[in-house]
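A short write-up of the structure that comes next.
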Amino acid sequence: MLFSRTVTLSLVEMQKLRADYTELFTRMAQPVLWLLVFGQIFNRIRAIPTGNLTYLEYLTPGILAQSALFIAIFLGIQIIWDRDAGILTKVMVTPTPRAAIVLAKAFSAGVRGLAPVVVLVPVALLLGVSITVNPLKLLGAAVALMLGAGFFACLSMAIAGVAQTRDRLMGIGQLMTMPLFFASNALYPIDLMPGWLKVISTVNPLTYLVNALRGLLVGAPADLWVDFGVLVVAALVGIVGSASLLGRLVR
Amino acid sequence: MTRPGGSPAAVPEGPAAALECTGLVHRFGETVAVDHLDLRIETGEVFGLLGPNGAGKTTTIRVLNTLLPVQEGTVRVFGLDVRRRATDVRRRLGYVPQQLSIEAALTGRQNVMWFARLFDVPRAERATRVDEALDAMDLLAVADRKAGTYSGGMIRRLELAQALVNHPALLVLDEPTVGLDPIAREGVWERVQQMRADYGMTVLLTTHYMDEADELCDVVALMHRGRLRAVGSPAALRADIGPDATLDDVFRRHAGADLAVTEEQKGVRDVRRSRTTARKLG
């Protein structure tokens with residue numbers, strides 16, 4: 001039942017996305033700006049030690065992970081919107097497991113998280129970044145992105161269950177985004193961080209998403225089993241946590 | 001509480017009723033929204049739950065449709081304990097909430113198909129059942145239009161199509177005609193009655209419109225401050241008051257004094273609030 005309901009609700013999410021592509025296009029712009037402006041400048045400064053990789057090579061997977069985070073962390077607003085519009089209530093009165101509602105939203109966050117790849121990868125190639133063309137590695141990167149986006153979407157939905165309103169969720173989301181982003185290895189190696197930040201970075205799933213993307217896309221050294229293991233466990237915890245808090249939204 | 005011309009509402013008896021609440025209590029913090037409610041709805045009835053805002057109608061509905069937990073008392077839907085068998089209860093329900101709630105970006109057909117899938121309507125029957133539900137609500141001609149382009153009345157009918165696509169045993173309508181113009185209201189009710197005649201389902205509805213309840217319900221329950229004040233057929237309840245009595249009169253008799261006190265208290269509160277605001281503003 002969980003699988004069939006998840007497929008049904010995911011289909012609805014895709015139908016909604018198909019009805020209005022605007023969101024996908026707007027999502028593509030910001031990561032490209034990060035690469036073109038921030039990336040090019042820091043590539044020239046050569047201030048950040050990135051081993052055998054150029055800074056642009058180092059940064060590209062980080063920007064992909066960042067865009068997935070930025071998209072997913074506000075997904076809870078959608079579920080609050082669904083609640084306010086009465087749609088969530090109606091779905092919760094059908095024989096649908098709450099985990100299926102959360103999984104479908106996480107899937108839609110994953111698809112949205114993949115959208116920037118379409119523009120970012122060609123731009124990165126034009127800037128001289130050597131990204132793999134191995135279809136298995138590309139598929140692996142897509143799975144990692146979807147798992148990461150799924151986790152952050154679940155985190156956002158769990159916060160929605162507590163925050164209850166869109167305004168509060170926006171505030172909390174903004175409060176969390178920057179620490180999650182800067183306390184990861186998306187822009188710079190963990191070795192450069194002070195001890196306390198290293199600890200935060202080590203428990204931050206974004207770090208493992210970046211590691212996996214770097215290993216798969218630009219051939220950086222990576223322990224993919226650990227990276228995917230952390231992402232899968234984080235996603236599972238996120239699904240269970242947000243599903244258990246979902247009921248609070250309709251009370 | 002007894003039903004004029006009917007069986008006692010407080011005492012469950014006979015075979016499994018469509019809905020049976022015993023001693024239901026629901027609190028939101030200090031506020032008691034539903035206060036020891038005993039209710040029995042027989043299979044096939046159109047049952048109206050009436051009362052002013054804050055009477056506890058929506059809370060009662062939210063408990064029976066599993067959105068709110070049963071804090072105290074028992075609730076059974078077709079003999080199934082809502083607390084223990086929530087999923088089985090949901091399979092038997094069709095639910096239309098107060099607010100108009102459809103996916104505006106999807107077509108009418110997609111909106112109904114979505115619920116057909118959620119209710120496990122077999123794949124082979126799905127398209128036919130969706131078309132049937134849309135046709136019954138007179139929406140087949142506009143089924144492939146985005147639901148966002150529908151009028152309020154059409155959206156309500158689309159919601160009914162969503163709720164009816166699984167042929168529910170119990171259709172729960174929470175103020176289904178609020179905000180609709182008289183023609184749209186009439187349209188909604190014609191179709192609910194038609195579906196009831198076709199499928200013999202039980203209908204539980206809440207409404208503010210006493211005339212609507214009078215005309216459509218087999219049994220009505222008047223609720224005020226979380227408690228039932230009267231239960232019975234509209235005709236029997238009216239007859240208890242007098243020959244020309246309306247359901248409004250019945251309601252005034254059972255809750256009128258309380259309503260007046262509530263309004264008076266509200267008035268005093270409003271004055272106090274205004275004075276406080278005035279003081280803050282200097």
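Beyond 22 Å, the tail of the calculated P(r) for region A:1-120 holds 46 percent of the Cα pairs.
Relative to one another, the C-alpha centroids of region B:145-185 and region A:1-46 are positioned 34 Å apart.
For region B:45-124, the calculated P(r), taken from all Cα-Cα distances in 10 Å bins from zero up to the bin holding the longest distance, is 14, 38, 34, 13, 1 percent.
What is the diffusion coefficient of region B:40-191 in µm²/s, taking the Kirkwood radius over Cα pairs and the Stokes-Einstein relation at 20 °C with a viscosity of 1.002 mPa s?
Values: Rh = 16.3 Å.
Diffusion coefficient, whole number: 131 µm²/s.
Taking θ as phi - 60° and the Karplus parameters 6.51, -1.76 and 1.60, the scalar couplings of region A:198-206 work out to 4, 4, 4, 4, 5, 9, 8, x, 4 Hz in sequence order, x denoting glycine and proline. For B:H224, the residues whose amide H sits under 5 Å from its own are B:R229, ignoring neighbours fewer than 5 places away on the same chain, with H placed 1.01 Å from N.
When the P(r) is computed for chain A, the part past 34 Å accounts for 16% of the Cα-Cα pairs.
Compute the FRET efficiency between B:T87 and A:R46 as 1/(1 + (r/R0)^6), taking r as their Cβ-Cβ distance and R0 = 60 Å, and round to the nearest 0.05.
0.50
Rg and Dmax of the protein assembly as shown, based on Cα coordinates, read 28.0, 95 Å.
According to the Cα gyration tensor, what semi-axes, each the square root of 5 times an eigenvalue, does the equivalent ellipsoid of region A:140-243 have, listed from largest to smallest in whole Å?
Details: eigenvalues 120, 59, 23 Å².
Square roots of five times the eigenvalues give 25, 17, 11 Å.
Measuring nothing but how far apart in sequence close Cα pairs (under 8 Å, 6+ apart) lie, relative to its length, region A:142-251 scores a relative contact order of 42 percent. In percent, rounded to a whole number, the relative contact order of chain A is 28, using alpha-carbon pairs under 8 Å and six or more apart.
Computed over Cα pairs, the Kirkwood radius of chain B leads via Stokes-Einstein (1.002 mPa s, 20 °C) to a diffusion coefficient of 107 µm² per second.
Values quoted throughout were computed directly from the atomic coordinates according to the rules given, and no laboratory measurement underlies them. The shown structure was predicted, so the numbers you read here are calculated from the model rather than taken from an experiment. Here Cβ is always computed from backbone atoms with ideal geometry, including for glycine, and neighbour counts include all displayed protein chains.
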